[in-house]
Every structure is written in structure tokens, then in C-alpha cells.
1. Starting from one equal scatterer on each C-alpha and no solvent at all, send me the Debye-based log10 I(q)/I(0) for the stretch 97-207 at q = 0.10, 0.11, 0.22 Å⁻¹, two decimals.
2. If you place +1 on the Cβ of every Lys and Arg, -1 on the Cβ of every Asp and Glu, and leave all else neutral, what size is the dipole of the chain about its Cα centre, to the nearest 20 Debye?
3. At most 13 other Cβ atoms within 10 Å and a DSSP loop assignment: could you name the trypsin sites (Lys or Arg not before Pro) in the stretch 10-86 that fit?
4. Explain nothing, just the number: relative contact order of the stretch 65-199, from Cα pairs under 8 Å at least 6 residues apart, as a whole percent.
5. Give the distance, in whole Å, between the Cα centre of the stretch 5-34 and the Cα centre of the stretch 62-130.
6. Largest first and to the nearest Å, give the Cα extent of the stretch 1-140 along each principal axis.
7. Where does the Debye-calculated log10 I(q)/I(0) of the stretch 90-136 sit at q = 0.34 Å⁻¹, using only Cα point scatterers of equal weight, no solvent?
8. In units of 2.2 N^0.38 Å, what is the alpha-carbon radius of gyration of the stretch 1-61?
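Each reported figure results from applying straightforward, stated rules to the coordinates on display, with no laboratory input. Model, not experiment: these values are computed from the prediction. All Cβ positions, even for glycine, are placed from backbone atoms using ideal geometry, and neighbour counts span all protein chains on display.
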Amino acid sequence: MRKTRVAILISGGGSNMIALVRAMLADPEHPAEPVLVLSNDPRAKGLELAAELGVPTAAVDHRPFKGDRAAFEAEMMAPLRASGAELLCLAGFMRVLTTGFIETWQGRMLNIHPSILPLFTGLHTHARALEAGMAVHGCTVHEVTPELDAGPILGQAVIPVRPEDSPETLAARLLPVEHLLYPAVLRRFVSGDRRKLALLRAEEPAS
Ligand code: GRF
């Protein structure tokens, strides 16, 4: 079976990356395979974890480029091309990409965002969901388009917000749900299934 070659871009811990890699490697029938984990931070913990799982890794430090995003991306294209990647998964990749790079990969680049988009694009999503008085919070996997966090939604998962929640507890309860959603959406996407996936984990309030 010919598998779709997937590169995963990270900046830090890489727990979503690990979930994606494990899902692909766990099933010989999986239609995708991880061919590269690429980080903009050479010290990203996720690089070590990927290597332990046997996935090739590369790092392109964004700092020497001093804000020249296009030059940084041109450098990233070298390991991406060498890996033969056909699909990119952004997984906690904390650099803004240029329109040029996004257009190169449009239709072939996914991202996970920790909110129920289109609510709370950008940063500090957990705190903003709490400030807004939301009863539910969640995460979204979407295609990446030039407008930030605004590409077509492929799947969403929700969790209840608890009265005692802080941004930290909310983030900690959401992360394992991200790890369910992203691999499930990736598998569907690679299989050509564009139906939106909804993971609903609503909990009854204690009576
Ligand atoms: C996740 O919450 C992801 O949704 C967000 O950044 C976090 C990355 O976590 N974009 P990890 O690096 O996958 O552990």
C-alpha cells in the first residue's frame, strides 16, 4: 500500500506530534506514514521523542533569520523536500507562516488549534474561553489558509468548562482530547474523507 508521507512541524513538547506518530505507526494499514518531524527550536523536547520513535528529525532555528520569515521558510523547505513530505501537520508550531509558504502547501497542511473555532483565534485561548463565560471549550483541526486559524474546519472536540477551572486546568483537560481528535482527523483526511468529525464528550452536571 502506498502511504501518504507526512511531516509534522513542532516548536516544543510535541505531545500532539507523538499522538499522530503513534497512530500512524500502530496500524500497518494506516494510509499515512511519518517521514519527518521538523522544529524551529533545535532544543525542542519533541525532537528527542520523535527520534526515540524512529522518525527522522530536523531543526531550522528561526532566530538567525531575524524576522525574515521567507528566508526561514526557504531553509525549512530543504528538509521537507528531502523527506518527500506530501502533507504537513502543524502541531504546536508557534511561528506565523507567510502566505507564500501556505499557498505552496494549501490543501496539504493541517493545524490543531485549542479552541472551538471560529471563536478565540490566536493565543491564550483557554483564558479567553473562561473570560467569555463559556460552558464548553474545545479544539479544532482545520486546513491552513493564509488567514490565521480560519481555514476549513475538519473536526472539533468539546469538553465542559467546570466552575473551578483555571486556564491551566482547562488546557490540561483539553490536551488528551486533542490527542484523540488530531489523529482521527488526519486518518480521515488522508483517506479522502472530508466529512467534519465531531467528538462530543459532554458530561452530565453532578446532581
Ligand atoms: C496544543 O494545545 C496545540 O493545540 C497548540 O499548542 C499546544 C501544543 O502542545 N497549538 P504540544 O506541543 O502538541 O504538546
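1. Taking Cα atoms of the stretch 97-207 as identical point scatterers yields -0.30, -0.36, -1.18.
2. About 380 debye.
3. Arg43, Lys66
4. Relative CO of the stretch 65-199 lands at 20 percent.
5. The distance from the Cα centre of the stretch 5-34 to that of the stretch 62-130 comes to 16 Å.
6. 46, 40, 29
7. Calculated log10 I(q)/I(0) at the listed q: -1.30.
8. 1.06
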